[in-house]
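Enquirer: Sharing a structure below in structure tokens format, with a few things to ask.
The values are calculated or read from the model by the stated rules, or taken from the named source; none is laboratory data. Note that the coordinates shown come from a computational prediction; the quantities given were computed from them, not determined experimentally. Don't worry about glycine lacking a Cβ; one is built from the backbone with ideal geometry, like all the others, and counts go over all protein chains shown. Ligands, DNA and RNA are stripped out before the accessible areas are found, and what is left, the full protein with its side chains, is counted by its heavy atoms. Shrake-Rupley method; radii C 1.70, N 1.55, O 1.52, S 1.80 Å.
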Amino acid sequence: MKVDLLIIMAHPDDAELFCSGTIISSINSGMKVGMIDLTKGEMGTRGNSAIRIKEATNSARFMKVEFRDNLNFKDVYFKNNNKNKKLLIKEIRKYRPKIIITNSLKDRHPDHEKASKMVYESCFISGLSKYKTKYNGVDQNKWSPELILYSIQDKYLDPDFIVDISPFFKEKIKSISFFKSQFYNSKIKEPNTYISSKHFMEFIKARSIEMGHSIGVDYGEGYISSKKIGIKSLLQII
């Protein structure tokens with residue numbers, strides 16, 4: 001299956017928090033979107049791997065993505081090594097995305113930085129014809145996405161551009177709400193964490209408002225691009 005947009009994130013809820021508005025907007029515009037989580041987020045204080053996979057599956061179904069895979073890398077402990085990159089390259093060559101969105105280049109959680117670096121390196125290697133991979137016993141062709149986009153997560157980074165997600169902001173918040181084990185829920189008595197506080201969800205909303213405000217809309221999601229983005233007409237930027 002070929003997709004237009006492939007989301008590759010370290011943890012099951014990273015996409016919902018920082019690019020689900022873009023995912024839903026892209027699907028609404030007719031793009032095919034798929035998702036890959038590198039880990040199950042099993043090292044998180046709240047919940048467990050089974051719960052988080054169930055939450056991720058339900059959120060993906062709500063957003064209407066084509067698929068949501070999990071590579072089962074070890075949360076916190078996974079390495080950006082040749083073995084793991086090869087597994088990721090097989091996925092990139094399998095789905096042949098035009099655009100990839102991944103974790104932030106610089107962030108609070110070290111897995112996010114590891115993931116963004118791994119995605120960049122894997123995309124480069126995936127485009128090498130002499131790097132051989134097989135899927136279901138069949139040789140895969142090389143593939144390079146046209147663009148890699150890095151989301152902006154906990155740490156603020158100045159975006160290269162911002163996507164207007166105003167029409168889909170309610171859906172973004174709904175997609176996050178499927179992760180009941182991780183975020184504020186008065187019915188859950190597990191230990192409170194940085195991300196399970198009411199304050200954190202207000203931060204997510206405020207970040208969206210901040211990004212939107214900077215381009216004159218209600219809500220936005222910002223990205224850093226792997227390369228300069230060219231346009232054919234000034235009409236594309238208004």
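Enquirer: So SER197 passes all but one of these: (1) surrounded by 15 or more Cβ atoms within 10 Å (Cβ to Cβ); (2) closer than 27 Å to GLY41 by Cα; (3) over 20 Å from the mean Cα position of the chain (by Cα); (4) not acidic (Asp, Glu). Which condition number does it fail?
Expert: (1)
Enquirer: When you go through PRO159, PRO145 one by one, which is the residue that is open to solvent by 10 Å² or more (accessible area, probe 1.4 Å), out of contact with any Gly (no Cβ under 8 Å at 6 or more places or on another chain) and in contact (Cβ under 8 Å) with a residue 60 or more places away in the chain?
Expert: One residue alone meets the criteria, PRO145.
Enquirer: On to the next question. Return the total of residues in the stretch 206-238 being open to solvent by 70 Å² or more (accessible area, probe 1.4 Å), within 30 Å of TYR194 (Cβ to Cβ) and not in a loop (DSSP other than H, G, I, E, B).
Expert: Result for the stretch 206-238: 4.
Enquirer: Among the residues of the stretch 98-112, write down those that are under 16 Å from MET1 (Cα atoms) and surrounded by fewer than 17 Cβ atoms within 10 Å (Cβ to Cβ).
Expert: Matches in the stretch 98-112: LYS98 only.
Enquirer: If a residue has to be out of contact with any strand residue (DSSP E or B) (no Cβ under 9 Å at 6 or more places or on another chain) and in contact (Cβ under 8 Å) with a residue 40 or more places away in the chain to count, how many in the stretch 162-182 make the cut?
Expert: The number of residues fulfilling the criteria is 12.
Enquirer: If I filter the stretch 55-92 down to residues being among the aliphatic types (A, V, I, L, M) and part of a helix (DSSP H, G or I), which single residue comes out as surrounded by the fewest Cβ atoms within 10 Å (Cβ to Cβ)?
Expert: LEU87
Enquirer: Taking the stretch 25-54 as the search range and keeping residues that are of a type in the set (Val, Ile, Thr) and either surrounded by fewer than 21 Cβ atoms within 10 Å (Cβ to Cβ) or without any contact (Cβ under 8 Å) to a residue 60 or more places away in the chain (or both), which one is farthest from ARG93 (Cα to Cα)?
Expert: Result: THR45.
Enquirer: With TYR120, TYR184, TYR95 as the choices, which residue is among the hydroxyl-bearing types (Ser, Thr, Tyr), touching a Lys or Arg at 6+ places or on another chain (Cβ under 9 Å) and open to solvent by 50 Å² or more (accessible area, probe 1.4 Å)?
Expert: TYR184
Residue-by-condition table, conditions (1) part of a helix (DSSP H, G or I); (2) out of contact with any Leu (no Cβ under 8 Å at 6 or more places or on another chain); (3) not hydroxyl-bearing (Ser, Thr, Tyr):
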site	(1), (2), (3)
GLU121	yes, yes, yes
PRO167	yes, yes, yes
SER175	yes, yes, no
SER181	no, yes, no
PRO191	no, yes, yes
PHE200	yes, yes, yes
